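Q: The following block contains the structure, expressed as structure tokens.
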Amino acid sequence: MTTEDMTNRLETVRAQYELYKERPFDLTLARGIPSTEQLKLSEALINETPIENWYSKDELDIRNYGGLFGIQEARELFGLLLDTEVEETFVGGNSSLQLMYATLNHLMFTSSNPWIKEEKVKFICPSPGYDRHWFMLDHMGIEMIPVELTGNGPDMETVEKLVSQDPSIKGMFVVPTYNNPTGETVSDDVVDRLAGMHTAADDFVIIWDNAYVVHHLRDSKKQAKNILEVAKRELNPDRVIQFVSTSKMTLPGAGVAAIGASEARISELALTFSKQLISFDKLNQMRHVLFLKDKETIEKHMAKHAEILAPKFDWIEAILSAYFHGERQSFIEWTEPDGGYFVHLTTQDGCATEIVEKMKEIGIELTPSNAAYPYGINPKDNSIRLAPSFAKPDDLEIAMEALCTCIELVTLEKSLN
Ligand SMILES: Cc1ncc(COP(=O)(O)O)c(C=O)c1O
């Protein structure tokens, strides 16, 4: 595009934006939560799943206290998601984030070698990643070191170099399947290297947050290799602590979360949980067992979610590729995930914050720009997360068209300056 072409085009785009400003919307693509239509898929969990037997397979009265590790049938069910044996599976309450927090809290204060004794504790943060992971680390005073993602997981050369040299690096977060927000799944090679790498800290942990383990959008289903198995083979059995939950399978407000790790780790964590509570909600665990049953039932249930979600991702793809081709192709890059809940946009450097602000001015809320980076700091200012799940299809179309205008407006203004 010549400067003259750009100036002319900018006038047209500005006029379009002014029209939006005159009649602002009231929409959000900020929240990665299931739509009401998706929640309906699990109403039967509450309304049509009567518990007829109050005793679990391991003879616990599920109405009463007891069974801190979870009822046996729930440990079996979650073992299917975590690829773990019953003894390696701990089933908790409704939030995997809370289990992660409790785990980190234990490692920081109450483990046999608590990190709090060290001068500094650092974590590797594959970025763009999940902002709530970064909030958690920041809250605990753990220093965050961003490492770029490659499309197949974290850049392993950088990870290996850092962790082999610095004993204050105590761990890292990984979202192995359909990462929030890039949608990528870690390759087998990355799994092998993470499980086997030399770490200067001998108590290095990987918080393996498999929140989207069965959340496929396409037939080409992706799944990260079983890291615990590799870690055991590499004689690092306690390195990996895996987490899953049914938040985006059934009801986020009333789901069930679980941990998968070596038997030693599970015992250690159970001990720390025993100081916090007597047992989690076993009735809800049982309801989930009756509702989700087995692998086949889970697959069928998740296919219904995909039926609702996939068209939204298709829309985003269609609208972006129709708008940003030819001369405008370089304005933006976007992911086309096979699963999970997000599309990640990479804008031209220095444009993301202004695009999100421009959207806000016309009444469309996006996740704050660069929130996927530790401390919300991304020197390139080029990261925007789209969370289309909650939006109605018509609203999504409107929001995406407005977003295209805002991206073009900001990119042209920056180029001409
Ligand atoms: C990567 C990731 N982990 C965890 C969660 C939340 O999990 P839970 O509801 O089990 O606490 C989310 C929700 O968006 C997520 O994206």
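Q: Run the Debye formula on the Cα coordinates of the chain, all scatterers equal and no solvent, and tell me log10 I(q)/I(0) at q = 0.07, 0.08, 0.11 1/Å.
A: Per q value, in the given order, log10 I(q)/I(0) is -0.36, -0.47, -0.85.
Q: Longer than 22 Å from Cα to Cα, which of Lys222/Lys304; Lys57/Lys275; Lys40/Lys248; Lys360/Lys392; Lys248/Lys275; Lys40/Lys392 are they? Say none if no pair is.
A: Values: Lys222/Lys304 17 Å; Lys57/Lys275 25 Å; Lys40/Lys248 12 Å; Lys360/Lys392 18 Å; Lys248/Lys275 29 Å; Lys40/Lys392 15 Å.
Beyond 22 Å: Lys57/Lys275; Lys248/Lys275.
Q: Mind listing which GluC sites (Glu not before Pro) in the range 111-191 are in a DSSP loop and have 15 or fewer other Cβ atoms within 10 Å?
A: On the way: sites: Glu118, Glu119, Glu143, Glu148, Glu157, Glu160, Glu184; in loops: Glu118, Glu119, Glu184.
In loop regions of the range 111-191 (DSSP not H, G, I, E or B), the sparsely surrounded GluC sites (Glu not before Pro) are Glu118, Glu119.
Q: Along the range 199-211, what does the Karplus equation 6.51 cos²θ - 1.76 cosθ + 1.60 (θ = phi - 60°) give for ³J(HN,Hα), rounded to whole Hz, x for Gly and Pro?
A: Those phi angles translate into 10, 5, 7, 7, 10, 4, 10, 10, 8, 9, 8, 8, 4 Hz.
Q: Using only the alpha-carbon atoms, how far is helix 96-105 inclined from the longest principal axis of the chain? Give it as 0 to 90 degrees, nearest 10.
A: In the chain, helix 96-105 runs at an angle near 70 degrees to the longest axis.
Q: While we're here: Counting other Cβ atoms within 10 Å, keep those with at most 12, restrict to DSSP loop, and tell me which chymotrypsin sites (Phe, Trp or Tyr not before Pro) in the range 247-330 are left. Mind dumping the intermediate values first?
A: Details: sites: Phe273, Phe280, Phe291, Phe313, Trp315, Tyr323, Phe324; in loops: Phe280, Phe324.
Passing both the DSSP loop test and the Cβ count: no residue.
Q: For the Cα atoms of the chain, what angle does the longest principal axis make with the long axis of helix 282-292, in degrees from 0 to 90, nearest 10?
A: Helix 282-292 sits at roughly 60 degrees to that axis.
Q: Right, something else. Assign unit charges at the C-beta atoms only (+1 for Lys and Arg, -1 for Asp and Glu), then state the dipole size of the chain relative to its Cα centre in Debye, rounded to the nearest 20. Could you put the intermediate results ahead of the total?
A: On the way: 40 positive and 65 negative charges, 158 e Å.
That gives the chain a dipole magnitude of about 760 debye.
Q: Tell me, what ³J(HN,Hα) does each residue in the range 218-232 have, in order and in whole Hz, if you take phi through Karplus 6.51 cos²θ - 1.76 cosθ + 1.60 with θ = phi - 60° and put x for Gly and Pro?
A: For the range 218-232, the Karplus curve yields 10, 5, 6, 6, 10, 8, 6, 4, 5, 6, 5, 4, 5, 4, 5 Hz.
Q: Then there's this: How tilted is helix 3-22 with respect to the longest principal axis of the chain? Cα atoms for both, answer in degrees (0 to 90, nearest 10).
A: Its long axis makes an angle of about 60 degrees.
Q: On a full-extension model of 0.36 nm per residue, what is the gain between Gln165 and Ile116, subtracting their alpha-carbon distance, rounded to one decimal in nm?
A: Values: separation 49, 0.36 × 49 = 17.64 nm, distance 2.01 nm.
Answer, rounded to one decimal: 15.6 nm.
Q: May I pose another question? Once each part is reduced to its C-alpha centroid, what is the distance from the range 176-245 to the range 4-81 in angstrom?
A: Using only Cα atoms, the two centres lie 23 Å from each other.
Q: Okay, next question. Name the most mobile residue of Ala322, Ala303, Ala257, meaning the one with the largest mean-square fluctuation, in a Gaussian network model of the chain with Cα contacts below 10 Å.
A: Top of the fluctuation ranking is Ala322.
Q: Moving on. Are there GluC sites (Glu not before Pro) in the range 1-82 that DSSP puts in a loop and that have at most 15 other Cβ atoms within 10 Å, and which ones?
A: Numbers: sites: Glu4, Glu11, Glu18, Glu22, Glu37, Glu43, Glu48, Glu52, Glu59, Glu73, Glu76; in loops: Glu48, Glu52, Glu59.
Those satisfying the criteria are Glu48, Glu52, Glu59.
Q: Among residues other than Leu149 whose Cβ falls under 10 Å from its Cβ, what is the net charge (Lys/Arg +1, Asp/Glu -1)? Before the final figure, lay out each step's value.
A: Numbers: positive: none; negative: Glu148, Asp155, Glu184.
Summing Lys and Arg as +1 and Asp and Glu as -1 gives -3.
Q: Another question, if that's okay. How much length would be gained if the chain were fully extended between Thr158 and Glu59, taking 0.36 nm per residue of separation minus their Cα-Cα distance, in nm to one decimal? Mind showing how you got there, number by number?
A: Details: separation 99, 0.36 × 99 = 35.64 nm, distance 4.93 nm.
This chain segment gains 30.7 nm when fully extended.
Q: Okay, next question. For Glu327, what is the net charge nearby, where nearby means another residue's Cβ is under 10 Å from its Cβ and Lys, Arg count +1, Asp, Glu -1? Each step should come with its number before you reach the end.
A: Working: positive: Arg9, Arg328; negative: Asp5.
It works out to a net charge of +1.
The numbers here are math on the coordinates, done by the rules we state, and not lab data. If you're wondering where the values come from, they're calculated on a predicted model, not measured in any experiment. Don't worry about glycine lacking a Cβ; one is built from the backbone with ideal geometry, like all the others, and counts go over all protein chains shown.
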